[in-house]
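S.K.: Quick one: this structure, given as structure tokens, is what I'll be asking you about.
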Amino acid sequence: MQVELKNTTKKLCVIGEPVLHSKSPVIQNAMIQALGLDYIYLCQPVPRGACRQWLELAAFAGYAGFNATMPHKQELVALMDELDEDARLFGAVNTVCLRDGRAYGHNTDGEGFLRALADEEIFPEGRRVVVLGAGGAAKAVVLKLMAHGAEVTVCNRTEEKARLLHRYRPKQIRTAGFTPAQLRRAAEGCDLLINCTSLGMSGTAGQFEDFSFLDGLKEGVSVVDLIYAPEETRLLAEARARGHRTANGMGLLVHQAVLSLEHFTGVGLDAGAMKPVIARALGGKADKKQKKP
Ligand code: NAP
């Protein structure tokens, strides 16, 4: 990929530790290039606990903004001059805009997730949703689903972490463990099942113990996996083989990246047009629609 640099080119980056594996530079530079924007997006390692120093340095160096990945999302919250509603709700910032000497913190995960669901014509209101996992991604998904009228059951290996989520909205969130029997019970009553664990992700050893819980799903229930590599996880393949519609994490990846670039540039973008641009940059096929069984 070639990005033309000028003296006016505005700098963006992703910070994290580790961060060299991040796909954000490839994704953002692909969109920047496709749109002809005068920005460049870099990769910046920042050690844990050094966000205050980084903010000073970034402002001094004239950065227009940056994304944050682990372990900085929580630390940034207290360092922002302004926070958007989701960053406050999730207690995590993944997008920072630097303007006029002020830092504006956003979180694009929840909204990106909702938009990805809407692309698949899935709307959470009144739905009973099972969320597998209670980590950072699950928190954004669960709190956003509830804010949009869903009832959620969180199944997590470490039940205590699921109970931390339950405290946000005790009336709308149930919790359960992660044994095959517990997963089966949760699956039986749901309208939508979403995997927010890292099980099945490329490069990790973890995989579901068995998939018999999928036999408990009603007909017509969609199964969504936040993982986008591989394109089809074992979970999605097993769900599809049982007749369920499935969608992977590409939609979330695209929408949260598009939302970040919109915040940085103030330019409204067409996410549908960006999807094939991002898919190509990542070496995949363009436009993954929900897979029919
Ligand atoms: P995280 O905070 O580390 O949480 C990981 C979750 O997976 C926890 O609930 C953990 O359970 C569970 N888990 C891990 N190994 C397990 C095992 N062997 N058995 C049962 N549960 C296990 O990670 P995260 O940031 O939430 O990310 C979760 C997944 O979402 C990752 O695969 C990530 O790639 C994906 N994601 C995708 C996008 C996207 O743009 N598409 C965005 C964000 C995240 P415990 O609490 O018991 O440890």
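S.K.: Look through the stretch 216-253, keep the residues that are under 23 Å from Leu42 (Cβ atoms) and out of contact with any Phe, Trp or Tyr (no Cβ under 9 Å at 6 or more places or on another chain), and return whichever of them is farthest from the ligand (Cβ to nearest atom).
M.R.: Looking at residues that are under 23 Å from Leu42 (Cβ atoms) and out of contact with any Phe, Trp or Tyr (no Cβ under 9 Å at 6 or more places or on another chain), I get Ala229.
S.K.: Continuing with the same structure: Within the stretch 194-202, identify whether any single residue is without any contact (Cβ under 8 Å) to a residue 12 or more places away in the chain, assigned to a loop (DSSP other than H, G, I, E, B) and either near the ligand (Cβ under 10 Å from one of its atoms) or open to solvent by 40 Å² or more (accessible area, probe 1.4 Å) (or both), and answer yes or no. Outline the logic, then answer.
M.R.: Just the residues of the stretch 194-202 that are without any contact (Cβ under 8 Å) to a residue 12 or more places away in the chain, to begin with: none.
No, the stretch 194-202 contains no residue that is without any contact (Cβ under 8 Å) to a residue 12 or more places away in the chain, assigned to a loop (DSSP other than H, G, I, E, B) and either near the ligand (Cβ under 10 Å from one of its atoms) or open to solvent by 40 Å² or more (accessible area, probe 1.4 Å) (or both).
S.K.: Looking at the stretch 147-172, which of its residues are within 16 Å of the ligand (Cβ to nearest atom) and within 19 Å of Val223 (Cα to Cα)?
M.R.: Across the stretch 147-172, the qualifying residues are Val152, Thr153, Val154, Cys155, Asn156.
S.K.: Next question, about the same structure. With respect to Leu282, determine if the residue is at pLDDT 95 or above and either over 24 Å from Cys97 (Cα atoms) or within 15 Å of the ligand (Cβ to nearest atom) (or both).
M.R.: The answer is no for Leu282.
S.K.: Hey, does the stretch 212-226 have a residue that's part of a loop (DSSP other than H, G, I, E, B), at pLDDT 95 or above, hydrophobic (A, V, I, L, M, F, W, C) and over 18 Å from the mean Cα position of the chain (by Cα)?
M.R.: There is at least one residue in the stretch 212-226 that is part of a loop (DSSP other than H, G, I, E, B), at pLDDT 95 or above, hydrophobic (A, V, I, L, M, F, W, C) and over 18 Å from the mean Cα position of the chain (by Cα).
S.K.: Next up: Just to be sure I understand, how many residues within the stretch 173-187 are of a type outside the set (D, E, K, R) and either within 11 Å of the ligand (Cβ to nearest atom) or over 20 Å from Asp210 (Cβ atoms) (or both)? Can you show your working first?
M.R.: Residues of the stretch 173-187 that are of a type outside the set (D, E, K, R), as a first pass: 173, 175-183, 186-187.
If we keep only those that are either within 11 Å of the ligand (Cβ to nearest atom) or over 20 Å from Asp210 (Cβ atoms) (or both) as well, we get 173, 175, 177-179, 183.
Within the stretch 173-187, residues that are of a type outside the set (D, E, K, R) and either within 11 Å of the ligand (Cβ to nearest atom) or over 20 Å from Asp210 (Cβ atoms) (or both) number 6.
S.K.: Residues Leu76, Leu37: which one is open to solvent by 30 Å² or more (accessible area, probe 1.4 Å) and among the aliphatic types (A, V, I, L, M)?
M.R.: Criteria check complete, one pass: Leu37.
S.K.: Tally the residues that are over 20 Å from Glu121 (Cβ atoms) and modelled with pLDDT of 95 or more, restricting the search to the stretch 183-199.
M.R.: 9
S.K.: If you go through the stretch 158-168 one residue at a time, how many are within 19 Å of Ala187 (Cα to Cα) and either touching a residue at least 40 places away in the same chain (Cβ under 8 Å) or loosely packed, with under 14 Cβ neighbours inside 10 Å (or both)?
M.R.: Residues that pass the stated criteria total 1.
S.K.: Do the conditions hold for Glu82, that is, is it of a type in the set (Asp, Glu), out of contact with any Leu (no Cβ under 6 Å at 6 or more places or on another chain) and modelled with pLDDT under 95?
M.R.: Taking the combined requirement at face value, the residue does not satisfy it.
S.K.: Residues of the stretch 117-138 being farther than 24 Å from Arg174 by Cα and within 14 Å of the ligand (Cβ to nearest atom), which ones?
M.R.: Once the filter is applied, which keeps residues that are farther than 24 Å from Arg174 by Cα and within 14 Å of the ligand (Cβ to nearest atom), the stretch 117-138 yields Asp119, Glu120.
S.K.: Return yes or no: is Lys171 open to solvent by 70 Å² or more (accessible area, probe 1.4 Å), among the basic types (Lys, Arg), assigned to a helix (DSSP H, G or I) and under 26 Å from Arg88 (Cβ atoms)? Break it down into steps so the answer makes sense when it comes.
M.R.: Working: open to solvent by 70 Å² or more (accessible area, probe 1.4 Å): yes; among the basic types (Lys, Arg): yes; assigned to a helix (DSSP H, G or I): no; under 26 Å from Arg88 (Cβ atoms): yes.
Against the criterion (open to solvent by 70 Å² or more (accessible area, probe 1.4 Å), among the basic types (Lys, Arg), assigned to a helix (DSSP H, G or I) and under 26 Å from Arg88 (Cβ atoms)), Lys171 does not qualify.
S.K.: Return yes or no: is Glu238 farther than 23 Å from Ala68 by Cα, of a type outside the set (S, T, N, Q), in contact (Cβ under 8 Å) with a residue 24 or more places away in the chain and out of contact with any strand residue (DSSP E or B) (no Cβ under 8 Å at 6 or more places or on another chain)?
M.R.: yes
S.K.: Quick one: in the stretch 188-211, of everything that is within 14 Å of Pro230 (Cα to Cα) and hydrophobic (A, V, I, L, M, F, W, C), which residue is farthest from the chain's Cα centre (by Cα)?
M.R.: Ala205
The values are calculated or read from the model by the stated rules, or taken from the named source; none is laboratory data. Not measured: the values here are computed from a predicted model. Note: ideal-geometry Cβ built from the backbone for every residue, glycine included; neighbour counts use all protein chains shown. Only protein heavy atoms, including side chains, enter the accessible area calculation; ligands, DNA and RNA are left aside. Shrake-Rupley method; radii C 1.70, N 1.55, O 1.52, S 1.80 Å.
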